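Engineer: Have a look at the structure that comes next, please.
The values are calculated or read from the model by the stated rules, or taken from the named source; none is laboratory data. Computed from a predicted model, the values in this text were never measured in an experiment. Quick reminder, even Gly has a Cβ in these numbers, built from the backbone with ideal geometry, and neighbours come from all protein chains shown.
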Amino acid sequence: MKRVQVMIDEPLLRLLDEDEEVRALGRSAVLRRAALEYLKRTRGRRIAQRYRRLHAESQVQGDKPEAWEEEEEPE
């Protein structure tokens, strides 16, 4: 693991430190989990947006869903 420095507003830090799970696991563990959940959620959102876009395009072009797998994911 790599150590990083993060700025957090004092009221938010107070709330974080008052949380039972944070006291039990530690700030770092809880913030790592929060970051991972954020990344999973945003990845899911990007996949859903791509699916909707490809589905809409296939309706217009008459493409079959199998062709979607050949298209590269935009960065």
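Rundown of residues vs (1) touching a Phe, Trp or Tyr at 6+ places or on another chain (Cβ under 8 Å); (2) surrounded by fewer than 11 Cβ atoms within 10 Å (Cβ to Cβ); (3) under 18 Å from M1 (Cα atoms), yes/no style:
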position	(1), (2), (3)
L15	no, no, no
E21	no, no, no
A29	no, no, yes
T42	no, yes, no
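Engineer: Mind telling me which of the residues R3, R33, R14, R23 ends up being modelled with pLDDT of 80 or more and assigned to a loop (DSSP other than H, G, I, E, B)?
Structural biologist: Testing whether each residue is modelled with pLDDT of 80 or more and assigned to a loop (DSSP other than H, G, I, E, B) leaves just R3.
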